[in-house]
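A short reminder: the numbers here are calculations on the coordinates, not readings from a lab. Everything quoted here is computed from the prediction, not taken from an experiment. Ideal geometry is used to build each Cβ from the backbone, glycine not excepted, and the neighbour counts take in all protein chains shown.
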Number of protein chains: 4
Amino acid sequence: MKPVCLVIGAGAGIGGNVGRRFAQEGYHAVLCRRSDEAGLDRLVEQIEEGGGSATGFLLNAIEPDTLEERIAAVESEIGPIEVVVFNLGAQIGDRSLRDTSYKAFEMGWRMATFALFRVASAVCPSMEERGKGTILVTSATSAYRGNAGQHSHAAAMGGRRMLCQSLNAEFASKGIHVAHILIDGAVDAPDTLGKMLGPERFEALRESRGGEHDGLLLPAKVADTYFHIAQQHRSAWTHEIDLRAFSDTAWWNH
Amino acid sequence: MKPVCLVIGAGAGIGGNVGRRFAQEGYHAVLCRRSDEAGLDRLVEQIEEGGGSATGFLLNAIEPDTLEERIAAVESEIGPIEVVVFNLGAQIGDRSLRDTSYKAFEMGWRMATFALFRVASAVCPSMEERGKGTILVTSATSAYRGNAGQHSHAAAMGGRRMLCQSLNAEFASKGIHVAHILIDGAVDAPDTLGKMLGPERFEALRESRGGEHDGLLLPAKVADTYFHIAQQHRSAWTHEIDLRAFSDTAWWNH
Amino acid sequence: MKPVCLVIGAGAGIGGNVGRRFAQEGYHAVLCRRSDEAGLDRLVEQIEEGGGSATGFLLNAIEPDTLEERIAAVESEIGPIEVVVFNLGAQIGDRSLRDTSYKAFEMGWRMATFALFRVASAVCPSMEERGKGTILVTSATSAYRGNAGQHSHAAAMGGRRMLCQSLNAEFASKGIHVAHILIDGAVDAPDTLGKMLGPERFEALRESRGGEHDGLLLPAKVADTYFHIAQQHRSAWTHEIDLRAFSDTAWWNH
Amino acid sequence: MKPVCLVIGAGAGIGGNVGRRFAQEGYHAVLCRRSDEAGLDRLVEQIEEGGGSATGFLLNAIEPDTLEERIAAVESEIGPIEVVVFNLGAQIGDRSLRDTSYKAFEMGWRMATFALFRVASAVCPSMEERGKGTILVTSATSAYRGNAGQHSHAAAMGGRRMLCQSLNAEFASKGIHVAHILIDGAVDAPDTLGKMLGPERFEALRESRGGEHDGLLLPAKVADTYFHIAQQHRSAWTHEIDLRAFSDTAWWNH
């Protein structure tokens, strides 16, 4: 039986590419996303055409019990979850304090912080029992510093990072590898960034970054590092790592 | 008319002492706490006996509208709020992931992160209009690193710190001074730490820290620095500062 | 006998203003700088005219034994050093790696890192014996993040910050208060920044920052916080603090 | 012609293992270490027996011109250096300030900070011309926080980290990948840690960490991640990463 890699937030960017990569390497990929059933089906098909195996589920992470029930069902119906890729974003663009509603602030937390807590609460007991497991958490610059207009996102991502550290502190010695992966730049993802910017601005951004269209983070390349981290021997685990394109500027610079 | 210093979380530790200090220096202290009306009345009396002025309110920060209504009422009935001391804690002691309920995790966020967002949303528009204001935020080591058993607290405090940075990024240039004050150690507060530990263990902790009973953070001394930060000239504002007792160990050491 | 405040790097900016402030508050200020004897004499006179007392010395901190001998002489001839303000800078402007000579790189370290080690080695034994003392260390953004062209400065200041933390770890419990003060922005200092930029660009910078000429760090206002930190009760000491003008951007933002 | 991987500090721990790993993957490993010619020869032989190729050099990094001349000679006689592994340590154990001589403090800087500056100054111009190159820098916990007794080491490593960030800021967009790799724990290296502790304490440490003798960082496993980072596509480069054994405690915890 193949080990299972569960991706929460498996769109056409990092999540989908990481799922595909694990599938190529012999995992069964369980791909969860909120919407776009057609896109999800296509992703599963592509994986299968490439000789891998995958299952897709639509799932609204904000709703109660969705994550918990999906995890329980995967464990009982598909197999033990060896790797979780937690890839839910909560970026809503820059908004002044006045324009950040209580609801938006709370949604940020529900997606970026609480959903991770729910996922960890659901998978850690089984992983602990099995003495092994990996939780790869996609994170954002806002986990390291708040910025104007990032009230909701920064509060949510700051919480996510500290939660990762406290999960690591409790579970590393029990064999569960938690990694916080800082995606410190724009991702070449037509689904999310492309939609947010519109096709023209997205193309302009791509061009502006130089290189041969690799001045944005290419999700398939990001996936290489996710896979590497999941394969690290337990005597040399990474807890925090950053990733950005060569032509981009690190968050601490300007 | 005296300038107003509003303290959210005015117990017998840092909150009450900071309120008293501002009152001694000519502010009208508005002291809010969740419970212990008798203790609150005593604090107001002590301030008045010392020649200062203060008003006390019981307030449950978790409930909707409480913070917002209190702030509106203070502004209209007492006077413009010049300084907010946000002093709500969310420490629930060390709990394993298994023993951290969804409710406890959410309560941490409601107290430590969301309540600050609500307070900022309520006071910043008036402060911005007046071109000045100060928000002093008490914070904890868990804002800097997660630790075993600190899942709820670390996620909430990490969110608090990043929120402070994004508030600062939006509002500093508009004259609002936001400061994140890391209390990196145990506070000599009979009300909170004393109750949590019980009298014997509390006394033993005090003794163990050396000095002349000043090996824990003395809240009246902490208040000196809160007051200083609120008085800093706007050409030299502090956004982040740490405080700990001389005989204690910084969080980054062991 | 007055307590002594020794300022290493007492120019017309932060160092001189901090020295003046301590002198106003009853300390004897010992002011050391590398050059400009006339400026040094004027500073001493101004302090004396204001009713304070001060002594000035020219001192080349790069030369062997200069710091050590000055400290020994002050202790034996003037009085016990209660406060050291270590204010040597090592900013040489942005230089590419190619344009950063070995000599420049080493000079940065000698001024910004090694000189602090020498000063600490010279004053800590006496302070430890007396069970008290304060070392206030001016630091720069480069202590927190390297930037293009800052090879020498960032390496030197990063070393300075870690040295401060290790001094604090050894000496806080022995009564020596070490504080690392991040000056995160341009200082309104005609002597240093003014000379580096020239009068026109300096004035233009001042104007661009808004406010009433307080969009740069005003050294006299910075001095208020230096003095406060030196007066903190040992139950509530600050080890790290940042300072910047209200209209400036924190280093972690852009 | 094989690409060259130059290892500065190629002992029996991380340096030697990383060199061996790159040799296995098709690089020519150039291995430099200060002493133990027999050990160096053995390492080269092992690599050759495994089908790889390597050259060994004794080199005293403290001496002037040694690093510069070796780099020039490798470039002209062996081939273009594609990867540099900078692996010089400067840990001298815990020493009080009183017991840290000026010479020890300076040696720390010469090994841990200045030698990296010299290496970067020597290799970056050629790498920049070729539009590619990788510099992998081994670092230590002391780069992130000073600790009692770590005056020399922390100052040197703090400088190293900030230097890495400023090299990255200048050279990433020119195709040079600089990575700062935090080895946050004890390495299972008989040569260095083993010698420092002596065989009995070393064995006791190993036992105490649990696992199947993998509670210390195994250098061959560490090498996997060094190799991965050097292979990252330039659209997804890591600048900072940490590594520690699963059963160890992260530096920010206690």
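Taking θ = phi - 60°, what integer Hz values does the Karplus form 6.51 cos²θ - 1.76 cosθ + 1.60 yield along segment A:246-251, in sequence order, with x for Gly and Pro?
Result, ordered by residue: 4, 8, 8, 10, 5, 4 Hz.
Taking a point 7 Å out from Cα toward Cβ as the label site, list the nm distances between B:ARG42 and the same residue in every other copy, smallest first.
5.9, 6.9, 7.2
Partner chain Cβ atoms within 10 Å, averaged over the residues of A:170-177 - can you pull that number for me?
Average neighbour count from other chains, rounded to a whole number: 5.
Please give the helix C:199-208 orientation as an angle from the longest Cα principal axis of chain C, in degrees from 0 to 90, rounded to the nearest 10.
In chain C, helix C:199-208 runs at an angle near 80 degrees to the longest axis.
With +1 assigned to the C-beta of every Lys and Arg and -1 to the C-beta of every Asp and Glu, and no other charges, what is the dipole magnitude of chain C about the Cα centre in debye, to the nearest 20?
The dipole magnitude comes to about 640 debye.
What net charge do the residues around D:ARG201 carry, taking every other residue with its C-beta under 12 Å from that of D:ARG201, with Lys and Arg at +1 and Asp and Glu at -1? Before the final figure, lay out each step's value.
On the way: positive: D:LYS195, D:ARG206; negative: D:GLU200, D:GLU203, D:GLU207.
Once positives and negatives cancel, what remains is -1.
What is the distance in Å between the Cα centres of segment B:40-107 and segment D:53-86?
Taking the Cα centre of segment D:53-86 as reference, the centre of segment B:40-107 is 64 Å away.
Shortest first and in nm to one decimal, what separations exist between C:MET196 and its copies in the other chains, measuring from label points 7 Å along the Cα-to-beta-carbon line?
The answer, with the shortest distance listed first, is 3.5, 3.7, 4.4 nm.
Find the all-direction average of the projected area of the Cα convex hull for segment C:1-154, expressing the result in square nanometres with one decimal place. List each step's numbers first, then the result.
On the way: hull surface 37.6 nm².
Projected over every direction and averaged, the Cα hull of segment C:1-154 covers 9.4 nm².
Amide H neighbours of D:ALA54 under 5 Å, at least 5 residues apart or on other chains, H built in the peptide plane: list them.
Excluding prolines and chain starts, which carry no amide H, the hits are D:ALA29.
What is the sum of charges around A:ASN60, taking Lys and Arg as +1, Asp and Glu as -1, for the other residues whose C-beta is under 12 Å from the C-beta of A:ASN60?
Once all neighbours under 12 Å are counted, the net charge is +1.
Beyond a 23 Å Cα-Cα separation, which of these cross-linked pairs lie in this structure: A:LYS132/D:LYS221; B:LYS195/C:LYS132; A:LYS195/A:LYS221; A:LYS103/B:LYS103?
Those over the limit are B:LYS195/C:LYS132.
Using a label point 7 Å beyond Cα on the Cα-Cβ vector, give me the inter-copy distances for B:SER53 in nanometres, one decimal, shortest first.
Spelled out, the distances from B:SER53's label point are 4.5, 7.7, 8.8 nm.
If you average the alpha carbon positions of segment D:109-156 and of segment A:108-172, how far apart do those two centres end up, in angstrom?
31
Kindly provide the GluC sites (Glu not before Pro) of segment C:195-235 that DSSP labels as loop, not H, G, I, E or B, and whose Cβ sees at most 10 other Cβ atoms within 10 Å.
Values: sites: C:GLU200, C:GLU203, C:GLU207, C:GLU212; in loops: C:GLU212.
Qualifying residues, ordered by number: C:GLU212.
Mind checking the angle between helix C:115-130 and chain C's longest principal axis? C-alpha axes, 0 to 90 degrees, to the nearest 10.
Roughly 30 degrees, rounded to the nearest 10.
Quick one: in chain C, whose Cβ comes closest to the C/A rotation axis, and how close in angstrom?
Residue and rounded Å distance to the axis: C:HIS254, 2.
Which net charge results when you count Lys and Arg as +1 and Asp and Glu as -1 among the other residues whose beta-carbon is under 14 Å from that of C:GLN231?
Overall, the nearby charge balance is 0.
Would you mind checking the tilt of helix D:151-171 against the longest principal axis of the Cα atoms of chain D, expressed as 0 to 90 degrees and rounded to 10?
In chain D, helix D:151-171 runs at an angle near 30 degrees to the longest axis.
I'd like the Karplus ³J(HN,Hα) series for segment A:92-99: coefficients 6.51, -1.76, 1.60, θ = phi - 60°, whole numbers in Hz, and an x wherever there's a Gly or Pro.
For segment A:92-99, the Karplus-derived couplings read 10, x, 6, 9, 5, 4, 4, 8 Hz, x marking Gly and Pro.
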